[in-house]
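To keep things clear, I will list the structure first and then write my remarks on it.
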Amino acid sequence: MTETDKSVLLAIIRRMHSERELAPLMNLLTREIKELMRADLVSIFGFDRERCELRSFLSADNQEIRFDARLGVAGAVAMNGETVNIEDAPNHPLFFTVVDSQTGYRTKTVLGVPIKNAKDEVIGVCEAINKQEGPFTRDDVEIMETFATHAANAIDTALLIDALRKERGRSEPQGELQRKVEIGQEHLRNIVGMSPQIQAIVRLIDQIRDSSVDVLIQGESGTGKELVASALHFNSPRYDQPFVALNCASLADNLVEAELYGIEKGVATGVDKRMGKFEAANGGTLFLDEIGDLSLTAQAKMLRVLQERTVDRVGGQKPIPIDVRVIAATNKNLERAIKDRTFREDLYYRLKVVRIQTPPLRDIPRDIPIIAKHFLTKHCGNNKIETKQLAPAAVKFLQSYPWPGNARQLENEAKRLVASVRGTTIGEEQLDLPTEQLEMDGREKELSCDGKTIDEVIGAIERRMIDDALKKYHWNKQKAAQELGLSRQGLAKKMRRLGIAG
């Protein structure tokens, strides 16, 4: 950094501390730093970690835009708290194309620096775009990082004042592109979390936003597969067309064809003409949940529909052309199902143009407090009551719990807590989660062979089998003995030897 640059930067720092209004402060900073950096554009982003969102003022007209912090270069800087310097933005995996599409701007080079408060928390990002002479240099990085260090207090104060005012009267940009972006961002925000697994999903949705390729979503029950499907639809060219969802597990074999492909009037007594889900989704997206539960016969028919992009109604005389994007989801291991010959391999590869794996909660423990807070805020708002908070001990318990029902189970627990807890702070003792899975984990540990003799391991297995049988038959020893292949007297003898009461 030259002495001239240092002098100019010092003058900017002095002026910024005299300004407390957010918009004028942003104008001052972006204008002055732009000149000092010799950049085409400089933007200041405020970072809302709880909402996982960036907010920015375009210096031309002070108009605020908001977008998901898991997308784009500025988002990566905010999430990771580290400087990013990119020489070829359009070809970089972090580059978020929507901003350029929205503004009509063409980004070539980008330098992003985190703005941190006194607690070393990221509260914003300073981003310079398109240096006038080549890529941004090490001196540019030093200037930006020095600026960010000194600007943090002024920006933090201005952001706080701005947040208190809410600025509800601000006019929103109009136009079809802006409407599309807003709709897409709203659905992306429904995918809550900041872990690498969730960030990867959000970025993949953004990467394929301009296409209508078929997608296969795999993940355990309750991991938000339908949220991902709706985000895929509303961040695609089909966002303003129908989004039709169908749970294949709920379909009886004799109703699959009529439900999916429709039926003509008069096929049977009292049957009226009805279009199927494929026709209802024409021009848009059909979300087929639990695709792995379809019979092989139904799979064969669906493969033909996907290949030919036509449907035949039950009792129909001619095929009906359709233009449908298919997003399928399942909690089954389809690769194993193919080996077991319960799922067609050709259908699997037809559906899996793009594959997304939704993680179970136990794999993203750092996101559990964020997701729990999201559900508490949502349901407190629905009930028009003050938002409840989780005590540290409750958060720790939630993060250690295995969540067999994943986010669906967590949301149900949040609903219960909102309805049953009177105060605003939820303690660990107020949680009501079944510990069967936790007990199972403990029993698995009990059966571990590490450091145990053969007799000890055999005794643990016998104790577990007897306990399970007694519980299954409500402590009817005669039936439990039959289940275990023992006489009643033999069961009683083993119970005494193993110290099982009853």
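The values are calculated or read from the model by the stated rules, or taken from the named source; none is laboratory data. What you see is a predicted model; the values in this text were computed from it and never measured. Counting neighbours? That spans all protein chains shown, and the Cβs are built from the backbone with ideal geometry, glycine included. Quick note on the areas: whole protein, heavy atoms, side chains included, nothing else; ligands and nucleic acids left out. Shrake-Rupley method; radii C 1.70, N 1.55, O 1.52, S 1.80 Å.
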Can you give the local net charge around residue 374? Use residues other than it whose beta-carbon is closer than 15 angstrom to its beta-carbon, Lys and Arg +1, Asp and Glu -1. +2
Based on the mean of other beta carbon atoms within 10 Å per residue, what is the order of 419-429, 79-89, 136-146, most packed first? 136-146, 79-89, 419-429
In percent, what relative contact order does the chain have, based on Cα pairs under 8 Å that are 6 or more apart in sequence? 10
Can you list the aspartates and glutamates whose alpha carbon sits under 15 Å from that of residue 273, skipping same-chain ones fewer than 8 residues off? 257, 259, 264, 312
Between region 213-271 and region 319-397, what is the C-alpha centre distance in whole Å? 16
Computed [θ] at 222 nm, helices only, for the chain once each DSSP H run of length n ≥ 4 contributes -39500 (n - 2.57): -14500 deg cm²/dmol
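Once you charge only the Cβ atoms, +1 for Lys and Arg and -1 for Asp and Glu, what is the size of the charge dipole of the chain about its Cα centre, to the nearest 20 debye?
I would put it at about 1840 debye.
Only bridges with both residues in the chain count here: give the DSSP antiparallel percent, nearest 5.
Working: 30 of 50 bridges.
Restricted to the chain, the bridges split so that about 60 percent are antiparallel.
For the ranges 224-231, 108-115, what's the packing order if you count other beta-carbon atoms within 10 Å of each residue, average per peptide, and put the highest first?
In descending order of packing, they fall as 108-115, 224-231.
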Where a ≥ b ≥ c are the square roots of the eigenvalues of the C-alpha gyration tensor, would you call the chain rounded, which needs a/c under 1.5, or, failing that, prolate if a/b is larger than b/c, or oblate? oblate
Solvent exposure of region 294-366 as accessible area per residue, Å², 1.4 Å probe: 53
Straight-distance crosslink candidates among lysines, where the alpha carbon sits under 30 Å from residue 471 and sequence neighbours closer than 8 are dropped: 332, 445, 452, 479, 493, 494
Which percent of the accessible area of the chain is formed by carbon and sulfur heavy atoms (probe 1.4 angstrom)? 49
